[in-house]
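Values quoted throughout were computed directly from the atomic coordinates according to the rules given, and no laboratory measurement underlies them. This one's a predicted model, so the numbers in the text were calculated from it and none came from an experiment. Here the Cβ positions follow ideal geometry from the backbone for every residue, glycine too, while neighbour counts run over all protein chains shown.
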There are 2 protein chains.
Amino acid sequence: MSTIIIKIGGGRGIDPRDNAQEIARLISDGHRVVIVHGGSHETNELAEVLGHPAQTIVSPSGHESRRTDRRTMAIFMMSYCGKVNKTLVESLRSLDVNAVGLSGLDAGIWIGTRKGAIRSIEEGRTVIIRDDLSGRVDSVDADFLNTLLDAGRVPVLTPPAGTADGIAINVDADRAAAATAAVMNADELLLLSNVRGVLRDPSDPGSLLTEVSMQDFTIAEESAQGRMKNKVLAAREALEAGVSRVVIGSASGPDAIANARSGSGSVFTNGVYA
Amino acid sequence: MSTIIIKIGGGRGIDPRDNAQEIARLISDGHRVVIVHGGSHETNELAEVLGHPAQTIVSPSGHESRRTDRRTMAIFMMSYCGKVNKTLVESLRSLDVNAVGLSGLDAGIWIGTRKGAIRSIEEGRTVIIRDDLSGRVDSVDADFLNTLLDAGRVPVLTPPAGTADGIAINVDADRAAAATAAVMNADELLLLSNVRGVLRDPSDPGSLLTEVSMQDFTIAEESAQGRMKNKVLAAREALEAGVSRVVIGSASGPDAIANARSGSGSVFTNGVYA
């Protein structure tokens, strides 16, 4: 029996409900499972219709994040915590999984720090944004999650997190999943999305990095582009916190979770791999 | 120390965040509090913008409910479980209340039955609707809610509920709050909204029914129009299940909860009142 944290991305073409059957199987096999999901594509589409289209912040080092003003946060809550979270909970419950959907804000599950000033590259210039509602997770309430698991519930978590003062902040769901895996002493962290893993050369699908030990980390970090940067960073954070295995892999197909667990994708291990 | 269930409506002009300060005070005074909220006005506005405007079903006996097809349910989740729930949780957490926002679907908190065929009066004719995702709450998981309360969390609940098969169903939040009050052995159930209480004559603001015992129930039931019918029904269901006091009152103003507790509005009591 393992503790497995499964993050399912919210990018275009991914519907976490497609993974519900496999999740149900893991749970009926006796594993302790915590699900984390995104919702970026759904949020982008809703934001467009509501006349407040998504904006991406690109940091000087190339990290991408969502510009989150107060109105974006409300839209974010609608899609992440509303539609995506509850329809996934519904799918799981219809498969006899006693799922409970929560944001990281709820019950103080994910407590984080809001970013002060964010440097953003806009048309080649560096702009400082001071009112952004985004940040990073500093602590995860493992006791509360274990209370839920011990009561037979399967937590289905999603951003936002909350600050210690109770303000909702947009956090990267991959890194939040890594922080969750760390405090839960997880055996495995799966970061599943609409990409197959880390490509050494983003233009060459054949250049997938299949096994990455701590020694090779720099290669993965240098190869990762765009949103993949956060996944690789999440992998590093989980491994450094003691999670023994992280897989960045595809969320697609009926065996996506089994495939990732058996090594499809980029497999990150702590220490020298065999 | 009392157990108090507070339902805050989601009608036009009501923002449950305006009641957060009073809720925080009740909790710091040591009461066990469960919040239930609606979200109908938010949902109507969102549905309009998304091009799928709200439709109301009026039953032959005059009860009103929301027509809930699959697309409406997704919109409903966005506003009730997303925006309204999480912004209320945020307000409470910023006042040091350890709030946890959940739908009745989550963790099997509210399990109900989906309506089979619904009779709806449309332009004077009775129409049968068979695919509606609405129903009523049959059971409430008091153990789970008590686990949360014992862990120092304040549940903030909202529709949908779920069927035993895991399907999300739209349920009346007043009656769901009554069912929750019943299983929690609540001392008080407050049904707060944008109306002051039950008017004996809807056109006469001076005709407020102030105290209603079980013997007078028929008067209240005959007087109630539109959505007030569900509130009076909720009051009856709570009283019959052993809740000793139900108040239908206003959610407006900084002392709305205190006012309702001290008897503003329509006060329903089990047995003969003094």
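Summary table below
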quantity	calculated
Peptide A:160-167, shielding by other chains (average Cβ, 10 Å cutoff)	4
Calculated from backbone phi, Karplus (6.51, -1.76, 1.60) coupling profile of the range A:213-220 in Hz, x at Gly/Pro	9, 4, 5, 8, 4, 4, 4, 5
Mean ellipticity per residue at 222 nm, deg cm²/dmol - from DSSP H runs of n ≥ 4 across chain A, formula -39500 (n - 2.57)	-8500 deg cm²/dmol
Gain on full stretching of the segment that runs from B:Ala151 to B:His63 - 0.36 nm per residue minus C-alpha separation	27.8 nm
Centroid-to-centroid separation of the range A:17-41 and the range B:85-133 [C-alpha atoms, Å]	24
Projected label distance in nm at B:Gln225 and B:Asp143, using a 7 Å step from Cα toward the beta-carbon	4.6
Residue of chain A whose Cβ sits closest to the axis mapping A onto B, with distance in whole Å	A:Gly82, 1
Convex hull volume of the range B:131-274 per residue (C-alpha atoms, cubic angstrom)	131
Residue of A:Arg71, A:Arg32, A:Arg175 that the Gaussian network model of chain A assigns the largest fluctuation, springs spanning Cα pairs under 10 Å	A:Arg71
Copy-to-copy label separations for A:Asp138, where each label sits 7 Å from Cα toward Cβ, in nm and ascending	4.8
Viscosity 0.692 mPa s, 37 °C: Kirkwood-radius Stokes-Einstein D of chain B over Cα pairs, µm²/s	176
Whole-Hz couplings from phi, Karplus 6.51/-1.76/1.60, listed for the range A:35-47; x for Gly and Pro	9, 10, 10, x, x, 5, 5, 4, 5, 4, 5, 5, 4
Cβ neighbours within 10 Å from other chains - mean over B:213-223	0
Candidates B:Thr163, B:Thr218, B:Thr210: whichever shows maximal mean-square fluctuation once chain B is modelled as a Gaussian network with Cα springs under 10 Å	B:Thr218
Inter-copy label distances at A:Asp18 (7 Å, Cα→Cβ; nm, one decimal)	4.5
Peptides ranked, highest mean first, by Cβ atoms within 10 Å: ranges A:127-133, A:179-185, B:156-162	B:156-162, A:179-185, A:127-133
Interchain or long-range residues, amide H under 5 Å from A:Val36's placed H	A:Ile6, A:Lys7, A:Ile8, A:Leu157
5 angstrom amide H check on A:Gln55, placed H, neighbours 5+ away	A:Arg67
Neighbouring partner chain Cβ atoms per residue of A:73-80, average, 10 Å criterion	6
Quotient of C-alpha Rg and 2.2 N^0.38 Å, computed over the protein assembly as shown	1.01
Phi-based couplings in Hz for the range B:154-165 (Karplus 6.51, -1.76, 1.60; Gly and Pro marked x)	10, x, 10, 9, 8, x, x, 9, x, 7, 4, 8
Neighbour-count ranking [beta-carbon atoms within 10 angstrom, fewest first] of B:Ser61, A:Ser139, B:Ser28	B:Ser61, B:Ser28, A:Ser139
Nearest-first distances (nm) between copies at B:Ala164, label 7 Å from Cα via Cβ	4.8
Lysine pairs meeting the criterion (Cα under 22 Å, 8 or more apart or interchain), as found in the protein assembly as shown	20
Calculated FRET value between A:Arg136 and A:His31, using beta carbons and R₀ = 35 Å, to 0.05	0.80
